[in-house]
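The values are calculated or read from the model by the stated rules, or taken from the named source; none is laboratory data. Quantities reported herein were computed from a predicted structural model and do not represent experimental measurements. Note: ideal-geometry Cβ built from the backbone for every residue, glycine included; neighbour counts use all protein chains shown. Please note that ligands, DNA and RNA were not included when accessible areas were found on the heavy atoms of the full protein model with its side chains. Shrake-Rupley method; radii C 1.70, N 1.55, O 1.52, S 1.80 Å.
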Amino acid sequence: MTIYASFGPSTRAELRVSLDVIEREFLGRGTTWINGDKISSSDVMVAWVVRWLLEGWRVGKEDFPKVYAWLGRLPSKEAEKVSDDQAVKEMLGGDYAVEESAELANDPLEIPIGQNVLFETTDSDPGSHHQRGKHVSVRFDTVTVDLKNKLRLHFPRRGVIVKRSSS
């Protein structure tokens, strides 16, 4: 069973819309890469998610030919193999790339910074893909949580339920 089996129809439709945005709005402008004629960090940051989506999903080259061509142009490089301990050390030793914001005035979540929270997607089986952690930041487009293992996750405001949690 793949992760896609737990996605409901509206999540699959939303993912398809996202692929269509890449196909038409970014790659449909006649450019080779997302931001123009040179590869950029945008290509690298988006490509792994798109590859992951396409691996387990029945969406063919005929549906998104520009997306598949774009993925084919990306350089391939075998990832350096590191131990679990080294990976954790590298991730926890780095600085955060996104500066966290203060609480938004009149935010509808009404969850204070520092509160324990639970996050889960709106269209998967309840409890099947949730994360728990400490609420760190809220912006108009994202909510950020620190996990117990010190990793920081940024969740989009769309398609995610955020609830107060006692643990």
Run residue 20 past the list (1) assigned to a helix (DSSP H, G or I); (2) under 29 Å from residue 151 (Cβ atoms) and report the number of the one that doesn't hold. (2)
Quickly run through segment 132-155 and pick out the residues that are open to solvent by 60 Å² or more (accessible area, probe 1.4 Å) and either under 23 Å from residue 88 (Cα atoms) or touching a residue at least 40 places away in the same chain (Cβ under 8 Å) (or both). 132, 134, 148, 149, 150, 154
Quick one: is residue 63 open to solvent by less than 70 Å² (accessible area, probe 1.4 Å) and either of a type in the set (Phe, Trp, Tyr) or within 18 Å of the chain's Cα centre (by Cα) (or both)? no
From the list 47, 13, which one is more than 13 Å from the chain's Cα centre (by Cα) and either open to solvent by 80 Å² or more (accessible area, probe 1.4 Å) or of a type in the set (A, V, I, L, M) (or both)? 13
Could you tell me which of the residues 40, 10 is out of contact with any helix residue (DSSP H, G or I) (no Cβ under 9 Å at 6 or more places or on another chain), among the hydroxyl-bearing types (Ser, Thr, Tyr) and farther than 30 Å from residue 130 by Cβ? 40
What residue, among those in segment 102-126 that are within 13 Å of residue 162 (Cα to Cα) and of a type in the set (D, E, K, R), is modelled with the lowest pLDDT? 107
Residue 129 passes all but one of the listed conditions (1) at pLDDT 80 or above; (2) surrounded by 10 or more Cβ atoms within 10 Å (Cβ to Cβ); the exception is number (1)
Residue identified as open to solvent by less than 60 Å² (accessible area, probe 1.4 Å), modelled with pLDDT under 85 and not hydroxyl-bearing (Ser, Thr, Tyr) among 57, 33, 52, 70: 57
